[in-house]
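Have a look at the structure below before the remarks.
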Amino acid sequence: MIFVTGGTGLLGGQLLYDLVSQGASVRALYRSKSRLATTKHLFRYRNPEKGTELFDTIEWVEGDILDIPSLMELMAGCSQVYHCAGLVSFHPKDHAVVFKINREGTANMVNVALELGVEKFCHVSSTAAIGGDSSEPITEATKWKNGEITSGYSLSKNAAEREVWRAQEEGLTVVIINPSVILGPGNWNETSLTIFQTVSKGLKFYPPGSNATVDVRDVSYSMIQLMESDIEGERYLCVGSNQSFKELMTVISKELDIKPPTRLAKYWQVWIARWVLKIVKGITGKRSAITKETVHNLFSHKKYDTSKLENAIGIQFYTLEEQVSDSVSGRFDK
């Protein structure tokens, strides 16, 4: 039996589909029953004829990674664990809860896995947990750097990794995967897919920075390959493509058949927008979407080297155009 957390999320849903499509017996943790519908949509999108049938083979269990007694009960009898659950937020007011879920939740997962004798544990981390700057290609060996611009989310994912490495020292067989921004079928109002919603409304400006994206199918495939191999005690960057924000927004615009942004956003323009949104928040109570961390990300340049993963499992990543096409055709929130 395989245990999966975060099965109602973008990556977790794809992982569940791939596992059960291969005949695996899977037990998946969920917190909100209403979220199961999104995963079922994914199954139907991936396999219109048998998607519902495959979805029904999953043993869904309600629980919380912060509840150790329930984890002890729900993970019992599972030989492998894929830990996909986590919270992504760059807003300062969310830092405490982000740390609690990402670090403490991961600590609970590996502690229970140790107690129950789980054979292998796959932890989903992030490129945000790896250091580096624009002066060098970032690899798994890049030294972690913590500074004023380091987001609370990055700190929480790095701290979560340390819990996994600690568990390895205590006898747990582990592997870590560090995906970049994940694209794929899902709700455009949530997580990394909000960029599609933003671009779909029409934009004149693009930020000067760059980012990296990866197809959800590639992340899921990589996780399964690593778990089925003899590889252990390693972490792997999982990045499908490195590109500028301009290129990303242009490809999305082309797929949506709308005009792409053509004007470069200046640093002062984004900061003015940030302060305007803060004023709006003070009047309406609506949270600003632009924070110090997001401004930094829009203007930073990072490039990731995924040769370690490519050499380990021989993966050929989906192109940016393929990532975007699947995300657009598989939209669930229309």
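The values are calculated or read from the model by the stated rules, or taken from the named source; none is laboratory data. Just so it is clear, the model here is predicted, and its values are computed rather than measured. Note that each Cβ is placed from the backbone with ideal geometry, even for glycine, and that neighbours are counted across all protein chains shown.
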Picking from Ile182, Ile231, the residue that is touching a strand residue (DSSP E or B) at 6+ places or on another chain (Cβ under 9 Å), at pLDDT 95 or above, surrounded by fewer than 22 Cβ atoms within 10 Å (Cβ to Cβ) and not hydroxyl-bearing (Ser, Thr, Tyr) would be Ile231
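Scan the range 163-178 for residues that are more than 23 Å from Tyr221 (Cβ to Cβ) and touching a helix residue (DSSP H, G or I) at 6+ places or on another chain (Cβ under 8 Å) and jot them down. If you could, list the steps in order and put the result at the bottom.
Here is the first cut: in the range 163-178, the ones more than 23 Å from Tyr221 (Cβ to Cβ) are 163, 165-172.
Result: Glu163, Arg166, Ala167, Glu170, Gly171, Leu172.
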Within the range 101-132, restricting to residues that are of a type outside the set (A, V, I, L, M, F, W, C), over 17 Å from the mean Cα position of the chain (by Cα) and part of a helix (DSSP H, G or I), the one that is farthest from Leu309 (Cα to Cα) is Glu115
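Looking only at the range 56-84, which residues are more than 22 Å from Glu228 (Cα to Cα) and under 24 Å from the mean Cα position of the chain (by Cα)? Talk me through it step by step, then tell me what you get.
First pass over the range 56-84, keeping only residues more than 22 Å from Glu228 (Cα to Cα): 56, 60-74.
Selection gives Trp60, Val61, Glu62, Gly63, Asp64, Ile65, Leu66, Asp67, Ile68, Leu71, Leu74.
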Reported set for the range 6-16 where residues are more than 13 Å from Ile58 (Cβ to Cβ) and either in a strand (DSSP E or B) or touching a Cys at 6+ places or on another chain (Cβ under 7 Å) (or both) is Gly6, Gly9, Leu11
Only unsatisfied item for Lys204, checking (1) surrounded by fewer than 18 Cβ atoms within 10 Å (Cβ to Cβ); (2) closer than 16 Å to Gly314 by Cα; (3) basic (Lys, Arg), is (2)
Practice problem: Answer yes or no as to whether Leu11 is in contact (Cβ under 8 Å) with a residue 40 or more places away in the chain and more than 16 Å from Ser220 (Cα to Cα). | Solution: no
Practice task
Kindly check whether there is at least one residue in the range 254-262 that is in a helix (DSSP H, G or I) and either touching a Pro at 6+ places or on another chain (Cβ under 9 Å) or closer than 25 Å to Leu15 by Cβ (or both).
Solution key: yes
| query | Do we have any residue at all in the range 220-227 that's at pLDDT 90 or above, crowded, with 17+ Cβ neighbours inside 10 Å, among the hydrophobic types (A, V, I, L, M, F, W, C) and out of contact with any helix residue (DSSP H, G or I) (no Cβ under 8 Å at 6 or more places or on another chain)? | reply | yes
Looking across the range 47-87 at residues that are within 14 Å of Glu104 (Cα to Cα) and in contact with an Asp or Glu (Cβ under 9 Å, 6 or more places away or on another chain), the single one that is modelled with the lowest pLDDT is Leu87
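Quick check on my filter: what residues within the range 227-250 are under 23 Å from Thr191 (Cβ atoms), assigned to a helix (DSSP H, G or I) and not aromatic (Phe, Trp, Tyr)? Full working, then the answer.
Within the range 227-250, the first condition is being under 23 Å from Thr191 (Cβ atoms), and the residues that meet it are 235-250.
Then keep just the ones that are assigned to a helix (DSSP H, G or I); that gives 245-250.
Listed by number, the residues that qualify are Lys246, Glu247, Leu248, Met249, Thr250.
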Result of the Cβ filter at 6 Å on the range 155-168, keeping first residues that are closer than 18 Å to Glu119 by Cβ and partners that are surrounded by fewer than 20 Cβ atoms within 10 Å (Cβ to Cβ) and charged (D, E, K, R), at least 6 apart or interchain, is none
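Can you tell me which residue within the range 281-323, out of those that are of a type in the set (A, V, I, L, M, F, W, C) and more than 30 Å from Ser229 (Cα to Cα), is modelled with the lowest pLDDT?
At the first step, the residues of the range 281-323 found to be of a type in the set (A, V, I, L, M, F, W, C) are 283, 289-290, 295, 298-299, 309, 312-313, 315, 317, 320.
Now narrow it down to the ones that are more than 30 Å from Ser229 (Cα to Cα): 283, 289-290, 295, 298-299.
Details: Ile283: 40, Ala289: 58, Ile290: 58, Val295: 61, Leu298: 70, Phe299: 67.
Applying the filter and picking the extreme gives Ile283.
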